[in-house]
Amino acid sequence: MATNKFELITLPYAEEALEPVISRQTIAFHHGKHLQAYVNNLNALLVDSGFEEMPLVDIVKKANGGIFNNAGQILNHELYFGQFCAPKENNLPSGDIAAAIDRDFGSFAAFKEEFQKKGATLFGSGWVWLSADADGKLVISQEQNAGNPVQRGLNPLLTFDVWEHAYYIDYQNRRPDHLSALWSIINWQVVDQRYNAK
Ligand code: MN
């Protein structure tokens, strides 16, 4: 018997809300099939694991093997799906996160260029992240497979999923085109809230 500890998150928008940047079909598969499978797998693996009572983020920090892979992918996708909104023209950060980006990268344009380059050059499957350290300093990192910066004590703020399942229906092999389109659907209020939550 599997546990039923974790449930698939509800999206904070309709499946078609991110079109044309991410299609309804991609969201339906990515959220309804891929993320659902990670939830089902983790619930099954938790039985007699010693991790049954632990919050998700602590499982990601402490587990390894299959439990880590599935827990990491649940945390990663919850942050990923939670950071989007309908496409906006000239969609720019504001508030404390905007000031921190200027301070630590020189400008939003310079940040965007580095973030996108790290996403485009990550070999294989993984994630590119913007995180804050304990002092609020921003860092960009590439994480393989199910990796999350919380494993190194960082606060994850923004992420691009570069697993092929995130873009192949809409962009085929054109990962850089997918990444450059994502900037118009970032909900910067959510990123700013994460930054201020510490
Ligand atoms: Mn994914």
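Observations
- Candidate lysines for bridging to K118, where Cα separation is under 30 Å - those fewer than 8 sequence places away on the same chain excluded: K33, K61, K62, K88, K137, K198
- The relative contact order of the chain, computed from alpha carbon pairs under 8 Å that lie at least 6 residues apart in sequence, is 24 percent.
- The mean sequence distance of close C-alpha pairs (under 8 Å, at least 6 residues apart), as a share of the length of the range 95-196, puts its relative contact order at 27 percent.
- Approximating the spin labels as points 7 Å out from Cα along Cα→Cβ, the Q36-to-L8 distance works out to 0.3 nm.
- Summing +1 for each Lys or Arg and -1 for each Asp or Glu among the other residues whose beta-carbon sits under 11 angstrom from that of N187 gives +1.
- Here the dipole of the chain is about 260 debye; that uses its Cα centre as origin and unit charges on the Cβ of Lys and Arg (positive) and Asp and Glu (negative).
- Put a plus charge on the Cβ of each Lys and Arg, a minus charge on the Cβ of each Asp and Glu, and nothing anywhere else: the dipole of the range 24-81 about its Cα centre is then about 320 debye.
- The chain: C-alpha pair distances exceeding 29 Å, %: 21 percent
- For the chain, the longest site-free run once GluC sites (Glu not before Pro) in DSSP loop states with at most 14 other Cβ atoms within 10 Å are removed: 90-198
Computed from the coordinates by the stated procedures, all read-outs in this text should not be read as laboratory data. Predicted model only: the values in this text are computed from it and were never measured. Backbone-built Cβ (ideal geometry, glycine too); neighbour counts: all protein chains shown.
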